[in-house]
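This report concerns only the one structure given below.
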Amino acid sequence: MAETGFQPVSGFDLPRFAGIASFMRLPMIGLDDPRLPQVDIGLIGLPWDAGTTNRPGPRHGPRQVRDMSTMIRAQHGVSGVRPFETVNCADLGDVPPNPADLSDAMDRITKAVTRVHKAGILPVCVGGDHLCTLPVLRALAADAPLGLIHFDSHTDLFHSYFGGSMYTHGTPFRRAVEEGLLDPARMIQIGIRGTAYDSEDRAFAAEQGIRIVTIEELFDRGLKDVMAEARQIAGTGPTYVSYDIDFVDPAYAPGTGTPEVGGPNAFQALQVVRELAGVNIAGADLVEVSPPFDGSGGTAFLAASILFEMLCIIAPALAASRRVD
């Protein structure tokens, strides 16, 4: 049972439109807070989008997701899981970005997540663009490569952009494989679709043994069948889950920088996360929510709902593993 101080503020005690917004209305605990060692799962904002190549805005994502997450309640409507009573969850604040220096900004993320990881806290990060994932992986995979289950409409496996820019939101998983942070044999990318510049990313995936599931295959086979394969590929080893909100069709998630039509609906967006049960999740993120393109806040609310689904999978598994330990 989680300690009382780690419970979210109830809408019965304080209306959801009042108070300071935090992820899920959880307590805010800084990295120097003496309560940090009591935290099991830490939600971390990564308000940085210097890797964006077209429509900027995901740097504002963590703030809007916090705001919309005030609508999240304590209990899952289907499973009945109450993650905040299962383990101690907290909002660990934002990693202060450097919007003028890409390398320094990534170093800041790596250092912050390394501190969280060494404290025994499982990080769930909220971006930011997808380049944010690379410095997180540098922190979590410093000792051994991780598996990856990746929901996206793009592979993000390109070598470079604009004649040599190696670090963009289209390159993080290429860099992660090259740096030995991910095991290609334990990688699966789900929902890939849309027009393409060329086939360079697909060729790299085939060469490395990375499994790509196109949106056509996902819909032909069905979500449960594809997710069973994802669990098999991930195996029992530590696995990172990365969820780009543009995995979802822009009819349901328009607030993103690089939308692609023909994707899953909002329910399917939640369903794939529910099918992660049994995966040894070492960390996760949700990225590419762009408030400038999210007039109603619906994209950010969907993102907050996806994050809650993640917590409802991660928290019981984490509690069970720690009871065994």
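Quick look at the values:
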{"read-out": "Accessible surface of the chain [probe 1.4 Å, protein heavy atoms]: carbon and sulfur percent", "value": "54"}
{"read-out": "Inter-part distance where the stretch 248-325 and the stretch 1-62 are each reduced to a Cα centre, Å", "value": "15"}
{"read-out": "Long-range amide H partners of Leu122 with built H, under 5 Å", "value": "Ile41, Gly42"}
{"read-out": "DSSP-defined antiparallel bridges as percent of all bridges, the chain, nearest 5", "value": "5"}
{"read-out": "Simple spin-label estimate for Ala100 and Ala277 in nanometres, 7 Å along Cα-Cβ", "value": "5.1"}
{"read-out": "Alpha-carbon centroids, the stretch 211-241 and the stretch 171-199: separation in whole Å", "value": "14"}
{"read-out": "The chain: DSSP helices with Cα axial extent of at least 15 Å and average Kyte-Doolittle hydropathy no lower than -1.0", "value": "102-118, 223-234, 298-324"}
{"read-out": "Accessible surface, the stretch 278-325, averaged per residue in Å² (probe 1.4 Å)", "value": "34"}
{"read-out": "Local electrostatic count, His60, Cβ distance below 13 Å [Lys/Arg +1, Asp/Glu -1]", "value": "-2"}
{"read-out": "Glu216, Glu275, Glu200, Glu288, ranked by accessible area, largest first (probe 1.4 Å)", "value": "Glu216, Glu200, Glu275, Glu288"}
{"read-out": "Residue with peak Gaussian network fluctuation, the chain [Cα springs, cutoff 10 Å], from Leu122, Leu36, Leu137", "value": "Leu36"}
{"read-out": "Space enclosed by the convex hull of the alpha-carbon atoms of the stretch 140-249, per residue, Å³", "value": "104"}
{"read-out": "Residue-normalised accessible area of the stretch 170-265, given per residue in Å² at a 1.4 Å probe", "value": "40"}
{"read-out": "Cβ-based net charge around Gly80, under 15 Å, with every Lys or Arg adding one and every Asp or Glu removing one", "value": "+1"}
{"read-out": "Proximal charge balance of Arg202 [Cβ under 13 Å; K/R count +1, D/E count -1]", "value": "-2"}
{"read-out": "Computed over the chain, Cα set: Rg, Dmax in Å", "value": "18.1, 56"}
{"read-out": "Highest-MSF residue in the chain out of Phe219, Phe151, Phe173 [GNM, Cα springs under 10 Å]", "value": "Phe219"}
{"read-out": "Of Ala105, Ala253, Ala119, the one that fluctuates the most in a GNM where the chain has Cα springs shorter than 10 Å", "value": "Ala119"}
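The values are calculated or read from the model by the stated rules, or taken from the named source; none is laboratory data. This one's a predicted model, so the numbers in the text were calculated from it and none came from an experiment. All Cβ positions, even for glycine, are placed from backbone atoms using ideal geometry, and neighbour counts span all protein chains on display. These accessible areas exclude ligands, DNA and RNA; they are computed on the full protein's heavy atoms, side chains included. Shrake-Rupley method; radii C 1.70, N 1.55, O 1.52, S 1.80 Å.
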